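Single-structure report; data block below.
The values are calculated or read from the model by the stated rules, or taken from the named source; none is laboratory data. What you see is a predicted model, and the numbers here were worked out from it, not measured in a lab. Here the Cβ is made from the backbone with ideal geometry for all residues, glycine too, and neighbour counts use every protein chain on show. These accessible areas exclude ligands, DNA and RNA; they are computed on the full protein's heavy atoms, side chains included. Shrake-Rupley method; radii C 1.70, N 1.55, O 1.52, S 1.80 Å.
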Amino acid sequence: GSFAVVLKHATKPEVIKFWICDSSYDAFINYLVAHPGKFFPKLLSKPKMLSTFFNRPVAFPEKIKYVRMEELSPSTSDLDSDGIDALLKILKNHGGNWKIEYDNLKKDADHSKSYISGFPKAFLAAIGTEDDFKEFCSEMTSMMHAVIKGDRKLDIHQGNIMMRGSQLVIIDPAYNKDEQHDVEDLESILWDLKMNPSRVKTVTGRKTGGSR
C-alpha cells in the first residue's frame with residue numbers, strides 16, 4: 001500500500017504490517033479488533049506501536065504502528081476490482097438489497113457469453129453460497145458505515161483483494177488522499193535496520209546511509 005510495508009514471518013504463516021500516517025487503516029484495524037469477519041483478514045495480535053528508536057528523517061513520525069495477521073494469497077485476474085467496487089458502492093450509497101444483487105450476479109454468471117459471465121462467476125465462487133453472499137454484504141455494509149467517513153474514500157483495487165484459499169478477503173478498503181505518504185522512507189529504514197542497524201542516520205533533514 002501507499003502507507004505501509006508488509007513483512008512475511010520467516011517461520012510462521014503470518015505477516016507483520018507496519019504503517020504510518022493512515023487514519024483510514026487505523027479505523028479499519030480498530031473495526032476488525034471489535035468486529036472480526038470472514039471476509040476480512042484475521043488479526044493475530046492487537047495493533048501496537050513501535051517507537052522510532054532509530055535516527056529518522058525530520059518529518060518522519062515518532063511512532064510506527066504494526067499488527068500481526070494471517071498470510072494471504074494474491075487474487076486472480078478474474079476477480080475484477082471494478083465489479084467489487086461497484087457492488088460495495090451500491091451497498092453503501094443506496095442500501096442495496098443483497099438478494100437482488102445476488103440474483104443479478106447469479107443470472108449473469110450463468111450467461112452463455114464469457115465476457116458477461118466471467119466476473120460474476122469468479123466473484124460468486126470466491127464468496128461461496130447464497131448465505132455467504134448475504135454475510136459478505138452485511139460485513140461490508142457495517143464496515144463501510146464505521147470506516148468510510150469524512151474525507152475517507154472507498155479504495156477497492158486489485159492490490160486490496162486477496163484470497164484465503166478460494167475465499168475472497170478485503171484487506172484495506174479505505175484511504176484518505178490528503179494524508180502524508182512516507183512509505184519509501186519507512187521501507188528503506190526497515191531495510192537498513194535489517195541489514196545494518198548502525199547505518200541509518202539523519203543529515204540535514206534527510207535519511208542517508210551512514211559510514212560503512
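For region 68-189, which whole-number percentage of the solvent-accessible area (1.4 Å probe, protein heavy atoms only) is attributable to carbon and sulfur atoms?
Here it works out to 47 percent.
Considering only the other residues whose Cβ falls under 14 Å of the Cβ of W98, what net charge follows from Lys and Arg at +1 and Asp and Glu at -1?
Working: positive: K92, K99, K106, K134; negative: E101, D103, E130, D131, D132, E135, E139.
Result for the local shell: -3.
Quick query: amide H of S75 versus all other amide H atoms, modeled in the peptide plane; which residues come in under 5 Å with a sequence gap of 5 or more or a different chain?
Placed amide hydrogens put M163 under 5 Å from S75.
Residue by residue through region 45-51, which ³J(HN,Hα) values in whole Hz follow from phi under the Karplus form 6.51 cos²θ - 1.76 cosθ + 1.60 (θ = phi - 60°), with glycine and proline marked x?
Those phi angles translate into 7, 7, x, 10, 10, 10, 5 Hz.
Please list, ordered by chain and number, the residues whose modelled amide H lies under 5 Å from the amide H of G96; skip anything fewer than 5 residues away on the same chain.
L91
What is the local net charge at G128, summed over the other residues whose Cβ is closer than 14 Å to its Cβ (Lys, Arg +1; Asp, Glu -1)?
Once positives and negatives cancel, what remains is 0.
Using the reciprocal of the averaged 1/r over all distinct C-alpha pairs, how large is the Kirkwood radius of region 1-147 in Å? Show your work: numbers first, answer last.
Numbers: mean 1/r = 0.0569 Å⁻¹.
Averaging 1/r across every pair of different Cα atoms and inverting gives 17.6 Å.
Measuring from label point to label point, each 7 Å out along Cα→Cβ, what is the K38 to D131 span in nm?
Here the modelled spin labels are 0.8 nm apart.
Apply the Karplus parameterisation 6.51 cos²θ - 1.76 cosθ + 1.60, with θ equal to phi minus 60°, to every residue of region 75-90 and state each ³J(HN,Hα) to the nearest whole Hz, in sequence, with x for glycine and proline.
So the Karplus estimates, Gly and Pro as x, are 7, 7, 5, 5, 7, 5, 5, 5, x, 5, 4, 4, 4, 5, 5, 4 Hz.
Mind listing the phi-derived Karplus ³J(HN,Hα) values for region 136-151, rounded to whole Hz, using 6.51, -1.76 and 1.60 with θ = phi - 60°, and x for any glycine or proline?
4, 4, 5, 4, 5, 5, 4, 4, 5, 5, 8, 9, 7, 9, x, 8
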